[in-house]
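Each remark here refers to the structure printed beneath this line.
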Amino acid sequence: MPLDVAQVMELAPVIPVLVVERVEDALPIAQALVKGGLPALEVTLRTPAALDVIREMAKVEGAVVGAGTVLNPQQLDAAMEAGARFIVSPGLTEPLARAAIAANIPFLPGTATAGDIMRGMDLGLTHFKFFPAETSGGLPALKALAAPLHEARFCPTGGITAQSAPQWLAEPFVKCVGGSWVVPKGPVDPARIEALAREAASLGSNASSK
């Protein structure tokens, strides 16, 4: 069943942001993350293998696989063809936003300023990625933006850790966070990934009623 963007953001408190170099790593990573309680998976289009990784991860029962680092409508089309069920972009452009809206696919565009968010709201969007979160002023900056733009909801991404995530998730305008810490660099260790995923999934106990 198709999900809307709010439902994707509510699947778990953390959306793993994945940079996967090898297609053969796709299944064990996705299986470990889903088993650990993190079903929404953002596969960034930063590697030549990314589209094939999306195809493989989409085979995992319970996984809701999306594409990240989507920069234009052509990449959006390629990601959807590979099986992506949501789209994440580092920024907000009108061509990409209109293409995502027309395709009726959940879309989280990156925003860092009031102007970014207002342009998105003019297009009918209400859910945004706050990116890069820490270097854009961190939680104090997002609090300042969210006050006047109170209808907007956010997935902060960029520099967030297991230690800082609870502070972000405690805010009512934050529905989830994006993070890369749940899949450490180096050889794939499914048991370690599953353990980190379980810890990340537990961070949302305070956000379940938001």
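When residues of the range 17-39 are filtered for being within 15 Å of the chain's Cα centre (by Cα) and of a type in the set (S, T, N, Q), how many remain?
Total meeting the criteria: 0.
One residue is enough: does the range 44-66 have a residue meeting the conditions open to solvent by less than 50 Å² (accessible area, probe 1.4 Å), in contact with a Lys or Arg (Cβ under 9 Å, 6 or more places away or on another chain), closer than 17 Å to Pro109 by Cβ and not in a loop (DSSP other than H, G, I, E, B)?
Yes, the range 44-66 contains a residue that is open to solvent by less than 50 Å² (accessible area, probe 1.4 Å), in contact with a Lys or Arg (Cβ under 9 Å, 6 or more places away or on another chain), closer than 17 Å to Pro109 by Cβ and not in a loop (DSSP other than H, G, I, E, B).
In the range 14-21, is there at least one residue being assigned to a loop (DSSP other than H, G, I, E, B), open to solvent by 60 Å² or more (accessible area, probe 1.4 Å), free of Cβ contacts under 8 Å to residues at least 24 places away in the same chain and farther than 16 Å from Ile105 by Cα?
Just the residues of the range 14-21 that are assigned to a loop (DSSP other than H, G, I, E, B), to begin with: 19-21.
If we keep only those that are open to solvent by 60 Å² or more (accessible area, probe 1.4 Å) as well, we get 19, 21.
Applying the additional criterion that residues be free of Cβ contacts under 8 Å to residues at least 24 places away in the same chain yields none.
No, the range 14-21 contains no residue that is assigned to a loop (DSSP other than H, G, I, E, B), open to solvent by 60 Å² or more (accessible area, probe 1.4 Å), free of Cβ contacts under 8 Å to residues at least 24 places away in the same chain and farther than 16 Å from Ile105 by Cα.
Quick one: Gly158 ticks every box in (1) on the phi < 0 side of the Ramachandran plot; (2) free of Cβ contacts under 8 Å to residues at least 60 places away in the same chain bar one, so which box is it?
(1)
Counting only residues that are under 14 Å from Ala67 (Cα atoms), of a type outside the set (Gly, Ala, Ser) and free of Cβ contacts under 8 Å to residues at least 40 places away in the same chain, which one in the range 27-43 is surrounded by the fewest Cβ atoms within 10 Å (Cβ to Cβ)?
Here is the first cut: in the range 27-43, the ones under 14 Å from Ala67 (Cα atoms) are 30, 39-43.
Checking which are of a type outside the set (Gly, Ala, Ser) leaves us with 39, 41-43.
In the following step, the residues that additionally are free of Cβ contacts under 8 Å to residues at least 40 places away in the same chain were identified as 39, 41.
Values: Pro39: 22, Leu41: 33.
Among those that are under 14 Å from Ala67 (Cα atoms), of a type outside the set (Gly, Ala, Ser) and free of Cβ contacts under 8 Å to residues at least 40 places away in the same chain, it is Pro39.
Would it be correct to say that Thr126 is in contact (Cβ under 8 Å) with a residue 24 or more places away in the chain, over 19 Å from Ile15 (Cβ atoms) and among the hydroxyl-bearing types (Ser, Thr, Tyr)?
Numbers: in contact (Cβ under 8 Å) with a residue 24 or more places away in the chain: yes; over 19 Å from Ile15 (Cβ atoms): no; among the hydroxyl-bearing types (Ser, Thr, Tyr): yes.
Criteria not met by Thr126.
The values are calculated or read from the model by the stated rules, or taken from the named source; none is laboratory data. Remember, it's a predicted structure, so these values are computed and weren't measured experimentally. We place every Cβ from the backbone using ideal geometry, glycine too, and count neighbours over all the protein chains shown. Surface areas here come from the heavy atoms of the whole protein model, side chains and all, with no ligands, DNA or RNA. Shrake-Rupley method; radii C 1.70, N 1.55, O 1.52, S 1.80 Å.
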